[in-house]
Structure formats: structure tokens, C-alpha cells
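This report refers to the structure that appears directly beneath it.
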Amino acid sequence: MGIRDLVPRTKGQQLSTRQEPFDPFYTLHREMNRLFDDVFRGFGPLGRVGSPLMEAELGWPRIELSEADKTVTVSAELPGLSEKDVQVEIANGVLSIRGEKKAERSDESKFISERYYGSFERQIPLDGVEEDKAQADFKNGVLTVTLPKSEPPNRNVKRIAINTN
């Protein structure tokens with residue numbers, strides 16, 4: 001069922017394919033139909049939440065980023081994974097969290113699953129942290145990466161005298 005099937009019309013009335021005179025409301029209606037058709041075409045059947053496209057749009061795993069006076073903390077929820085399934089790297093100011101969650105079912109029977117399986121990767125840009133002193137902890141399905149902030153550059157203003165010759 002396409003989005004055009006939802007447009008109300010009387011029985012036997014067809015959508016016109018000939019060039020209509022300029023009508024701003026008709027143009028708006030046509031563009032809204034095109035927009036909805038383009039959006040829903042990309043999500044597959046019914047826009048399943050477990051589809052890879054939807055997960056990529058929403059960003060999995062979900063993270064929390066907090067900043068204190070001396071540290072930056074990134075927490076990621078990774079239910080059903082262990083520390084062996086996850087790889088954490090930091091390079092050039094970008095923290096990368098990647099891994100893979102494998103399906104737990106091995107039989108080929110038909111079933112419905114709303115759980116996410118497969119590879120994932122999140123990249124979080126971080127400025128002003130000491131990459132060499134980063135620490136990662138994994139407990140109860142939550143990965144916590146703590147990075148100390150680097151010292152801010154010296155911002156003392158020094159007045160320079162101007163010589164007159």
C-alpha cells in the first residue's frame with residue numbers, strides 16, 4: 001500500500017497525470033506525498049525498529065556523555081555483550097566503540113525478533129582530552145570510558161611594549 005492510497009478521493013476518480021495550472025496548494029500536496037514516499041521507501045516493510053537502516057539512523061549503542069572539571073566520561077549500553085565482544089580505540093580526538101552481537105538462536109524456525117544483532121560502531125569526537133590516559137570499564141552490560149581533560153593552553157595575556165625609533 002503506497003502513501004497515495006491514503007489520499008481521499010471519490011470512487012472512480014483518478015489522480016491527474018496531465019500538467020495542472022500552478023496551484024500552490026496542489027504543489028504543496030504533491031511535494032508532501034513525494035516526501036513521505038521517499039522516507040517510507042527507505043525503511044523497508046513498516047519501518048521495523050530492528051532493521052539495520054533504522055538502527056543506523058538512531059545510533060546504536062546509545063551513549064551518555066558527561067563532563068566534569070577534570071574528566072570526560074562516555075557510557076554506552078551494550079546489553080548481552082561481554083568485554084571480549086567490544087573494542088575501544090581513541091585516535092586523533094575520536095573515540096571509537098565497535099563490536100558485534102551474535103544471534104542466540106541457532107535453529108532455522110520462523111520467529112519474530114525485535115532485538116538488534118550484528119556489527120556496530122560509534123565514533124564520538126572529543127576535544128581537549130589526554131588520549132594516553134584513557135581508561136575503560138565494563139560492568140553489567142555498560143561500558144564506561146573515562147578520559148582526563150588536557151591542560152588548557154596558557155591564556156595569560158602579556159603586553160608587549162612598542163619601540164619608537
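What ranking do 27, 144 get, fewest neighbouring Cβ atoms within 10 angstrom at the top?
On the way: 27 11, 144 14.
Result, fewest neighbours first: 27, 144.
Fewest first, what order do 96, 109, 75 take by the number of other Cβ atoms within 10 Å? Before the final figure, lay out each step's value.
Values: 96 13, 109 5, 75 17.
Starting with the residue having the fewest Cβ neighbours, the order is 109, 96, 75.
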Give the span of segment 52-148's Cα atoms along each principal axis, as three whole-Å numbers ordered largest to smallest.
52, 26, 20
Post the alpha-carbon centroid distance, segment 120-149 to segment 62-95, in whole angstrom.
4
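Taking the Cα centre of segment 52-148 as origin, work out the dipole magnitude from +1 charges on Lys and Arg Cβ and -1 charges on Asp and Glu Cβ, in debye rounded to 20.
Working: 12 positive and 20 negative charges, 63 e Å.
Using only the charged Cβ atoms, the result is roughly 300 debye.
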Among 97, 141, 72, the residue whose Cα sits farthest towards the positive end of the charge dipole of segment 52-148, when +1 is placed on the Cβ of each Lys and Arg and -1 on the Cβ of each Asp and Glu, is 141
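Quick one: which of 101/139; 84/110; 84/149 span more than 20 angstrom between C-alpha atoms?
84/110; 84/149
Where a number appears in this text, it was derived from the coordinates with a stated rule and is not lab data. None of these values were measured; they are calculated from a predicted model. Every residue, glycine as well, gets a Cβ built from its backbone with ideal geometry; the counts of neighbours run over all protein chains shown.
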